[in-house]
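Worksheet for the structure shown next.
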Amino acid sequence: MLIPEAIHIWRTADGDYHAEWQVSRPDTRVNIEPLSDSVGVQAHRVSLEATCARVTGLPTSSRHSFRLCDQHGTEAIVMERKLGMQGTPNFRDFGGYRTHTGRQVRWGHLFRSGQLGSLSSQDVGLLASLELDFICDFRQLEEQQSDPSKLPTHRAPKILSLPIIPGSNTEFFEQAQWPAGGPGAMFDLMIDINRDFVEVQKDAYAGMFREILEVSDARFLVHCTAGKDRTGFAAAIILLALGVPEKQVMADYILTARFFSPSNEVDRLRHKYQFDMP
């Protein structure tokens, strides 16, 4: 049978949608179809395999939801997890998960990403379509000023500056230049960074929660530079607060390993900060 919690759909920069899922029985056959009233949806094409599919030809100006069902009657309505932003590849919707009580976190309200300073005009248009109420920016003040976010001019979301120094990519890659200790030292560094989120950065994350609670039915984005450490911790504690099981929260957290390219981020930072790195 189709396992709804193990469905992932993402959009690539070319506008194609890719879907992967897991099944509990090998004879399970899964169908997928887009759900939308948008003009052009009828022209889509689906390339279907046992546990994955590719959907092409859908309009790129808006998001799409999909119905997946199997011959056993299991059905799930899912939106794309990764939105296919060219300028910030790790831009994701982290809604859609089931809670301990069986309720579902809403799609289209909780988003996470890396820096927004490299967005293309198409990216900005897609960002505008999300109708965000506010954005929590965890980058250092210096980076917020030197690499400002590209945002929609119409109905621009409110920006909350909540700088968190540990987890900064600048600091991380500066320390990474020193080979002493090797991978073990880097592992210990990441442990220290995540411990610091809990012990020292409480005010920044508390500010995030205050804003969430003040805005009814809020649509918001949390982001830092790469959209993985500071942002990943923020997304995790939001999902835990909503009652999503810890196992599912951790599965969402490590999706960054699929959608984030360390080599591309190293190249971006080398160019931006003139690091002398191999």
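The values are calculated or read from the model by the stated rules, or taken from the named source; none is laboratory data. Predicted, not measured: the structure shown is a model, and the values here were computed from it. In this analysis, Cβ positions are derived from the backbone assuming ideal geometry, glycine residues included, and neighbour counts consider all displayed protein chains.
Considered as a group, the residues in the stretch 78-89 that are of a type outside the set (D, E, K, R) and assigned to a loop (DSSP other than H, G, I, E, B) include one that is modelled with the lowest pLDDT, and that residue is Pro89.
Specify which of the listed residues (Arg92, Arg45, Arg106, Arg112) is surrounded by fewer than 18 Cβ atoms within 10 Å (Cβ to Cβ) and at pLDDT 95 or above. Criteria check complete, one pass: Arg106.
Any residue in the stretch 17-26 that is among the basic types (Lys, Arg) and out of contact with any strand residue (DSSP E or B) (no Cβ under 6 Å at 6 or more places or on another chain)? Checked against the condition, which is being among the basic types (Lys, Arg) and out of contact with any strand residue (DSSP E or B) (no Cβ under 6 Å at 6 or more places or on another chain), the stretch 17-26 yields at least one hit. When the residues of the stretch 153-167 are filtered to those that are modelled with pLDDT of 95 or more and assigned to a loop (DSSP other than H, G, I, E, B), the one that is surrounded by the most Cβ atoms within 10 Å (Cβ to Cβ) is Leu162.
Every residue, every condition in (1) in contact with a strand residue (DSSP E or B) (Cβ under 7 Å, 6 or more places away or on another chain); (2) of a type in the set (S, T, N, Q); (3) assigned by TED's automatic domain parsing to the domain that holds Met1, yes or no:
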| position | (1), (2), (3) |
| --- | --- |
| Ala50 | no, no, yes |
| Arg67 | yes, no, yes |
| Ala76 | yes, no, yes |
| Asn90 | yes, yes, no |
| Gln122 | no, yes, no |
| Leu126 | no, no, no |
| Glu131 | no, no, no |
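Condition check ((1) under 18 Å from Ser113 (Cα atoms); (2) out of contact with any strand residue (DSSP E or B) (no Cβ under 6 Å at 6 or more places or on another chain); (3) assigned by TED's automatic domain parsing to the domain that holds Arg258; (4) touching a residue at least 40 places away in the same chain (Cβ under 8 Å)) across all residues:
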{"position": "Asp196", "(1), (2), (3), (4)": "no, yes, yes, no"}
{"position": "Glu199", "(1), (2), (3), (4)": "no, yes, yes, no"}
{"position": "Asp203", "(1), (2), (3), (4)": "no, yes, yes, no"}
{"position": "Arg210", "(1), (2), (3), (4)": "no, yes, yes, no"}
{"position": "Arg219", "(1), (2), (3), (4)": "yes, yes, yes, yes"}
{"position": "Arg230", "(1), (2), (3), (4)": "yes, yes, yes, yes"}
{"position": "Ala235", "(1), (2), (3), (4)": "yes, no, yes, yes"}
{"position": "Ala241", "(1), (2), (3), (4)": "no, yes, yes, no"}
{"position": "Val244", "(1), (2), (3), (4)": "no, yes, yes, yes"}
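A count restricted to the stretch 119-138 and to residues that are surrounded by 14 or more Cβ atoms within 10 Å (Cβ to Cβ), acidic (Asp, Glu) and in a loop (DSSP other than H, G, I, E, B) stands at 1. If you go through the stretch 210-227 and keep only what is assigned to a loop (DSSP other than H, G, I, E, B) and crowded, with 22+ Cβ neighbours inside 10 Å, you end up with Cys224, Thr225, Ala226, Gly227.
Listed here are the residues, each with its yes/no results for (1) under 25 Å from Lys247 (Cβ atoms); (2) part of a strand (DSSP E or B); (3) under 18 Å from the mean Cα position of the chain (by Cα).
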| position | (1), (2), (3) |
| --- | --- |
| Thr60 | no, no, no |
| Leu68 | yes, yes, no |
| Ala76 | yes, yes, no |
| Gly95 | yes, no, yes |
| His100 | yes, no, no |
| Arg112 | yes, yes, yes |
| Gly117 | no, no, yes |
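Is it the case that the stretch 60-81 has a residue that's surrounded by 19 or more Cβ atoms within 10 Å (Cβ to Cβ), under 20 Å from Ile254 (Cβ atoms) and touching an Asp or Glu at 6+ places or on another chain (Cβ under 9 Å)? Yes.
Restricting to the stretch 228-252, give me the number of residues that are farther than 17 Å from Ile193 by Cα and in a loop (DSSP other than H, G, I, E, B). Quick ask: steps written out before the conclusion?
Going residue by residue through the stretch 228-252, those that are farther than 17 Å from Ile193 by Cα are 238-252.
Filter once more, keeping what is in a loop (DSSP other than H, G, I, E, B): 242-245.
Summing the residues that are farther than 17 Å from Ile193 by Cα and in a loop (DSSP other than H, G, I, E, B) in the stretch 228-252 gives 4.
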